[in-house]
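Colleague: What follows is a single structure, and I will ask about it in a moment.
The numbers here are math on the coordinates, done by the rules we state, and not lab data. In this text the structure is predicted, and so the values were computed from the model without any measurement. Don't worry about glycine lacking a Cβ; one is built from the backbone with ideal geometry, like all the others, and counts go over all protein chains shown.
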Amino acid sequence: MSGFSIFDKTSSLHSIYVTLMVNRIQMLYFVIILPVFLIYPYMIWVIILVGFLSQMSIFLLSKWFNSIYASKGYEGFAELLGERSVRVLAFIGLGLILLKITVITLGYVEITQHFIFPSLNTNWMILFILLICWYVGSLGMAPTIRFVVIAFLSTAWMVLLLVNFLFQPSNTIHDLFPLVPFDWTIESWKGVLFIFSALSGPEYLVLLAPWFNTRKKILKYMTIGNAFTIFEYLFLFIASLFFFGPHYLKEIRFPMMEVMRYMESPVFERIDMILISFYLINFVFAISIFILLFYGASRITLKKSKEQTTKSGFAFCCSIVFICLFINNELFWKEATNQNILLELEIWAGALTYILIPLFLFTSLKRKGRV
């Protein structure tokens, strides 16, 4: 099949795209189940504190964006770390990227089946989503990055629909107590880990540096995206506390979706079905980006990074992703215990990559005297 420039870098995108990407990548499957993992009202302060920790990681990432290596892409990584080390890291990255694709895809599919298509085989939904992502990704990295604008405009406004739930007559300020933990348990530590993992994702943007105008206040734009995410998490968590109360919240499987089911409209009977459908746009954007990164990491691992990209090669990578999703869906995700294992793995993997990748790149730049 004829070659095509899927990783074309002729255009330099404005840094505002970084803001939108940081925010939308942080607002995936974890935000939907976040209240279940937090439960306790004092986690409001934990969200804020972990948000500052997330900002530290973003600060370290900005050092990479402003380095002389960032705009060189693969060549920059090879110059800084060595080609063999880059290949090893790319091989490890394949597993991490595949795990993230698996959790966010199967998570969204489960929600869709639960609220919209209870009798539909989830494998068909997986195939449908991946076909869309294959099309979006095949347009190239630059158009896929630009797609974040559509993803943001299609989903960011949803948080405003919950404003009404903050001012219900049944709400009481006691639902937000205690704001100070009297007994810090292992579940509290898991909540901290979950929040930090939920905020992960921006670390993968270092791989997209050649497509951005990286030297124009990149830290400012990344900070805005991270701050907006923290605001959304706080808003959604407080709204769920008011709606369910801290004691009943832990019994709900998908709190945010259940809240949306209570929304009323003179036109549409099931607003939640419309919102879930709209939210697919954000998942398509994120999955498309990760599939492109998976394809790029595969080429680096196989020493084909300097060869022309091909449609057949990209389609083959998408096929591998689908097979892995199909296997995980049949053998793991449908079983609650095994599903929790995959979720736990992604929680730990997301937290570790978000703290280790920025720290590793910053340390490498420091050794080279480029910071």
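Colleague: Quickly estimate the mean residue ellipticity at 222 nm for the chain, helices only: each DSSP H run with n ≥ 4 gives -39500 (n - 2.57), and the total goes over all residues, rounded to 500.
Modeller: -22500 deg cm²/dmol
Colleague: Place a point 7 Å from Cα of Ser277 in the direction of its Cβ. Which residues in the range 87-113 have their backbone N less than 17 Å from it?
Modeller: 109, 111-113
Colleague: Using all Cα-Cα distances in the chain, what percent lands in each 20 angstrom bin from 0 up to the longest?
Modeller: All Cα pairs, binned at 20 Å, distribute as 28, 59, 13, 0 percent.
Colleague: Still on this model: Can you list the aspartates and glutamates whose alpha carbon is less than 19 Å from that of Lys368, not counting same-chain residues fewer than 8 positions off?
Modeller: List returned: Glu75, Glu79, Glu83.
Colleague: Between 0 and 90 degrees, rounded to the nearest ten: what's the tilt of helix 311-328 against the longest Cα principal axis of the chain?
Modeller: It works out to around 40 degrees.
Colleague: Between Leu89 and Glu75, what length comes free when the chain is fully extended (0.36 nm per residue of separation minus the Cα-Cα distance, one decimal in nm)?
Modeller: Roughly 3.6 nm would be gained on extension.
Colleague: Starting from 0.36 nm per residue, how many nanometres of slack lie between Phe117 and Leu302 once their C-alpha separation is accounted for?
Modeller: The Phe117-Leu302 span can extend by a further 62.6 nm.
Colleague: Can you tell me which of Ser298, Ser240, Ser119 moves the most in a GNM of the chain? Springs connect C-alpha atoms under 10 Å apart.
Modeller: Its mean-square fluctuation being the largest, the pick is Ser119.
Colleague: Turning to a different aspect of this structure: With each pseudo-label sitting 7 Å past Cα toward Cβ, what's the Leu356-Leu139 distance in nm, one decimal?
Modeller: About 3.5 nm separates the two model spin labels.
Colleague: On a 0 to 90 degree scale, rounded to 10, what angle separates helix 43-65 from the longest Cα axis of the chain?
Modeller: Compared with the principal axis, the helix lies near 10 degrees.
Colleague: Could you work out how much longer the chain between Ile150 and Asp8 gets when fully extended? Use 0.36 nm per residue separation minus the Cα distance between them, nm to one decimal.
Modeller: 49.0 nm
Colleague: Quick one: helix 186-198 against the long Cα principal axis of the chain, what's the angle to the nearest 10°, folded into 0 to 90?
Modeller: For 186-198 against the chain, the angle is about 50 degrees.
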